[in-house]
1. Among 31-41, 15-25, how do they line up by average Cβ neighbours within 10 Å per residue, starting with the highest?
2. Pop out the ³J(HN,Hα) list for the stretch 14-30 in order, Karplus 6.51 cos²θ - 1.76 cosθ + 1.60 with θ = phi - 60°, rounded to Hz; leave Gly and Pro as x.
3. What is the sum of charges, Lys and Arg at +1 and Asp and Glu at -1, for the other residues whose Cβ falls under 14 Å from the Cβ of Leu34?
4. Taking amide hydrogens as modeled 1.01 Å from N in the peptide plane, which residues meet the under 5 Å criterion relative to Leu4, leaving out close sequence neighbours?
Amino acid sequence: MEPLSRPQAIIDFCLAPLDLDPSATGAEETRRRLEHVIKTFQSKLAKASSPISVDFSNMPSQVINEAAHGYE
């Protein structure tokens, strides 16, 4: 997988597991907000150095402790 730098590509990758209805109001608002955050973050970084891309292929897995939440 190549690193992602376009906000929409990052959002699509992150939201894919949720299988949201793209026409739902909540999904549209979520995408709008995430795009604003990513673009703001990238613009702040651009002033300091260069735009950032996200490489999800090196993302560490997360372990959920179900016992800590009462699900055993």
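Only the coordinates and a few stated rules stand behind these numbers; no lab work does. What you see is a predicted model; the values in this text were computed from it and never measured. Here the Cβ positions follow ideal geometry from the backbone for every residue, glycine too, while neighbour counts run over all protein chains shown.
1. Listed from highest to lowest mean packing, they are 31-41, 15-25.
2. 5, 8, 3, x, 7, 6, 6, 6, x, 8, 5, 4, x, 5, 5, 5, 4
3. Local net charge: +1.
4. Hits under the 5 Å cutoff: Val54, Asp55, Phe56.
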